[in-house]
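Engineer: A single structure is presented below for examination.
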Amino acid sequence: MSEQQPVLEIENLQTHFFTPGGVVRAVDGVSYSVRAGETLGVVGESGCGKSVTALSVLRLVTAPPGRIVGGAIRFEGRDLLRVPENEMERIRGNDISMIFQEPMTSLNPLYKVGDQISEAIALHKGLSKKQAMDHAIDMLRRVAIPEPERRVHAYPHQMSGGMRQRVMIAMALSCDPKVLIADEPTTALDVTIQAQILDLMRDLRESFGTAIVLITHDMGVVAENADRVVVMYAGRKVEEADVDDLFDSPAHPYTKGLLAAIPHLDDAARADTARSRLNEIKGMVPSLARLPAGCSFAPRCGFASDRCREAYPPLDEIRPRHWVACWHAAALMGEAP
């Protein structure tokens, strides 16, 4: 990967929600970047801050109760937190697009899907209404929706969950964005359509140099598609590495736990091997309004010491391009997950 300047760079981002129950530090000092033509995988359990980080990039966090209280988000060198709202409207859906996790709540139920896709195309590309609709039909065809000429006239409730997801993907890709944020883009899709969507995203990256931030729970999707991986836990980044390095030598106990929970088909296929339970990470993600002292993962970690419970570890580069926030990272590097 060339050392070109990042097209999108997040630095010490802090997005908090001010609720009657306390301040929820949904994103607490997260930093990462992605370059043109690169795919960055972002993984972690639900509630760790992955989606809130993505929404913060586009300044779509609902206020109140949410507010970005610190940090910087630079797109092509400009801090998006300082540009006026009318300029953000030009950037959203054009330079930076997002595939939202919940298509039913992201699509407007009062408008036909073709109108929703073509509106963004006409706005950002300056096409006529007919040209924009033709492009919308072509995008539906590219995301494998059958009879796209008819489907553009359908309302969201007339489509299945998988089709609505593909409409969202078509909308996000329609303007050939410089940055694509894909939040669980293959949720509710069968494996055949999932493969087609991931191929489409790869084509976009290779043809236009699009930078992709791929948010997912599927470590297999990360292994096949990402160049680098960021692991988040309880609103913070706990590990970042090149994808091969992360899978071969995870250095954080949480990352090790995620990888150990992946089922291995070769083991399951052995007739002489007794079926065993998958490894699990015991316990639950702590409340972001009441985080424990020290490392947030310590209550669930089998390697935790008194030091872990007293002070949060710094994010250190333990070897080139591999960062981890763990007091015991050096000792864990040689242990298998």
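The values are calculated or read from the model by the stated rules, or taken from the named source; none is laboratory data. These numbers were taken from a predicted model, which means no experiment stands behind them. All Cβ positions, even for glycine, are placed from backbone atoms using ideal geometry, and neighbour counts span all protein chains on display. For accessibility, only protein heavy atoms count, side chains too; no ligands or nucleic acids. Shrake-Rupley method; radii C 1.70, N 1.55, O 1.52, S 1.80 Å.
Engineer: Filter segment 62-78 for residues that are open to solvent by 30 Å² or more (accessible area, probe 1.4 Å) and either touching a Cys at 6+ places or on another chain (Cβ under 7 Å) or of a type outside the set (S, T, Y) (or both) and give the result.
Structural biologist: A63, P64, P65, R67, I68, V69, G71, R74, E76, G77, R78
Engineer: Residues in segment 162-169: is at least one in contact with a helix residue (DSSP H, G or I) (Cβ under 9 Å, 6 or more places away or on another chain), open to solvent by 10 Å² or more (accessible area, probe 1.4 Å) and in contact (Cβ under 8 Å) with a residue 60 or more places away in the chain?
Structural biologist: yes
Engineer: May I ask you to say which residue of L204, L214, L189, L200 is at pLDDT 95 or above and under 21 Å from R164 (Cα atoms)?
Structural biologist: L214
Engineer: Name the helices (runs of 4 or more DSSP H) wholly inside segment 227-327 in which the number of residues that are closer than 30 Å to M201 by Cα, open to solvent by 20 Å² or more (accessible area, probe 1.4 Å) and at pLDDT below 95 is 1 or more.
Structural biologist: 243-248, 253-260, 265-269
Engineer: When only residues in segment 123-142 that are surrounded by fewer than 19 Cβ atoms within 10 Å (Cβ to Cβ) and among the small types (G, A, S) count, which is nearest to M88 (Cα to Cα)?
Structural biologist: That would be G126.
Engineer: Are there any pairs, at least 6 apart or on different chains, whose C-beta atoms fall under 7 Å, with the first in segment 43-64 and over 26 Å from H252 (Cα atoms) and the second surrounded by 23 or more Cβ atoms within 10 Å (Cβ to Cβ) and among the charged types (D, E, K, R), and if so, which?
Structural biologist: none
Engineer: Considering only segment 35-55, how many residues are under 12 Å from the mean Cα position of the chain (by Cα) and buried (at least 18 other Cβ atoms within 10 Å of the Cβ)?
Structural biologist: 14
Engineer: Further, regarding this structure: Taking the conditions exactly as written (open to solvent by 60 Å² or more (accessible area, probe 1.4 Å), modelled with pLDDT of 95 or more and among the acidic types (D, E)), does E3 satisfy them or not?
Structural biologist: The answer is no for E3.
Engineer: Of these, L58, L8, which one is hydrophobic (A, V, I, L, M, F, W, C) and surrounded by fewer than 21 Cβ atoms within 10 Å (Cβ to Cβ)?
Structural biologist: L58
Engineer: If you go through segment 190-204 one residue at a time, how many are closer than 17 Å to S97 by Cα and open to solvent by 40 Å² or more (accessible area, probe 1.4 Å)?
Structural biologist: 2
Engineer: Among all residue pairs at least 6 apart or on different chains, which show Cβ distances below 9 Å where the first residue, located in segment 3-30, is farther than 23 Å from D227 by Cβ and the second is of a type in the set (D, E, K, R) and surrounded by fewer than 18 Cβ atoms within 10 Å (Cβ to Cβ)?
Structural biologist: From segment 3-30, the pairs are T15/R67; H16/R67; F17/R67; F18/R67; G21/R290; G22/R290.
Engineer: Of everything in segment 163-186, what is over 14 Å from S118 (Cβ atoms) and either assigned to a loop (DSSP other than H, G, I, E, B) or at pLDDT 90 or above (or both)? Give them in sequence order.
Structural biologist: Residues satisfying the conditions are D176, P177, K178, V179, L180, I181, A182, D183, E184, P185, T186.
Engineer: Report, by residue number, each residue of segment 11-34 that is touching a Lys or Arg at 6+ places or on another chain (Cβ under 7 Å), crowded, with 19+ Cβ neighbours inside 10 Å and of a type outside the set (V, I, T).
Structural biologist: H16, D28, Y32 - these are the residues of segment 11-34 that are touching a Lys or Arg at 6+ places or on another chain (Cβ under 7 Å), crowded, with 19+ Cβ neighbours inside 10 Å and of a type outside the set (V, I, T).
Engineer: Restricting attention to segment 328-337, and to residues there that are assigned to a loop (DSSP other than H, G, I, E, B) and touching a helix residue (DSSP H, G or I) at 6+ places or on another chain (Cβ under 9 Å), which single residue is surrounded by the most Cβ atoms within 10 Å (Cβ to Cβ)?
Structural biologist: My answer is H328.
Engineer: Still on this structure: Please give the number of the condition I145 fails out of (1) open to solvent by less than 50 Å² (accessible area, probe 1.4 Å); (2) not in a loop (DSSP other than H, G, I, E, B).
Structural biologist: For I145, the failing item is (2).
Engineer: Follow-up. Determine the pairs where a residue that is small (G, A, S), located within segment 124-135, has a partner that is surrounded by 15 or more Cβ atoms within 10 Å (Cβ to Cβ) and part of a helix (DSSP H, G or I) with Cβ atoms under 7 Å apart, the partner being 6 or more residues away or on another chain.
Structural biologist: Pairs found: A132/S118; A132/I121; A132/A122.
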